[in-house]
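The values are calculated or read from the model by the stated rules, or taken from the named source; none is laboratory data. A quick note: this is a predicted structure, and the numbers were derived from the prediction, not measured. Note that each Cβ is placed from the backbone with ideal geometry, even for glycine, and that neighbours are counted across all protein chains shown. The area values use the complete protein model at the heavy-atom level, side chains included, leaving out ligands, DNA and RNA. Shrake-Rupley method; radii C 1.70, N 1.55, O 1.52, S 1.80 Å.
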Amino acid sequence: MKKIEAIIRPEQFPLLRTNLEEIGINGLTVSEAAGCGQQRGRQGVFRGTSYELKLLPKVKVEMVVEEEFVDEIVKIIQTTCSTNTVGDGKIFILPVENAIRIRTGQSGKEAIL
């Protein structure tokens, strides 16, 4: 099993969710996040006063899937969330040793289905 974490632009999430549901991926954990990378924030102006936004709003999408689905999911994330500009986000893929469903005690593949 693998855990896929994607940090994406908030406005890209609704379409990503739809595209993942189309291939049967329904189990997601979604968190609001803030961060910066190469874009290093941006300048803003409010009532004539400029200020710097060092951390930009992002969405963190996490899912645990069987290894054979990783490439397809990564491709969907890339094609759905790419705007070809700095700040589109990152995808992280991590190994998962085990998963246990608290309610039933099921573990492994059965716990994530």
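Find the residue count for region 1-28, including only residues that are basic (Lys, Arg) and part of a helix (DSSP H, G or I).
Total satisfying the criteria: 1.
Does region 38-61 contain at least one residue that is modelled with pLDDT of 90 or more, touching a Lys or Arg at 6+ places or on another chain (Cβ under 7 Å), surrounded by 10 or more Cβ atoms within 10 Å (Cβ to Cβ) and within 20 Å of Lys2 (Cβ to Cβ)?
For region 38-61, residues modelled with pLDDT of 90 or more, touching a Lys or Arg at 6+ places or on another chain (Cβ under 7 Å), surrounded by 10 or more Cβ atoms within 10 Å (Cβ to Cβ) and within 20 Å of Lys2 (Cβ to Cβ): absent.
State whether one or more residues within region 72-89 are at negative phi and touching a Cys at 6+ places or on another chain (Cβ under 9 Å).
yes
Please list, ordered by first then second residue, the pairs with beta carbon atoms under 9 Å, 6 or more apart or interchain, first in region 19-36 and under 11 Å from Ile76 (Cα atoms), second assigned to a loop (DSSP other than H, G, I, E, B) and open to solvent by 60 Å² or more (accessible area, probe 1.4 Å).
Leu20/Asn26
Within region 11-22, how many residues are within 25 Å of Cys36 (Cα to Cα) and open to solvent by 50 Å² or more (accessible area, probe 1.4 Å)?
Residues in region 11-22 being within 25 Å of Cys36 (Cα to Cα) and open to solvent by 50 Å² or more (accessible area, probe 1.4 Å): 4 in total.
Does Glu97 meet the test of being within 17 Å of Ile25 (Cα to Cα) and open to solvent by 80 Å² or more (accessible area, probe 1.4 Å)?
no
Applying the selection to region 55-94, what residues are among the hydroxyl-bearing types (Ser, Thr, Tyr) and in a helix (DSSP H, G or I)?
Correct list: Thr79, Thr80.
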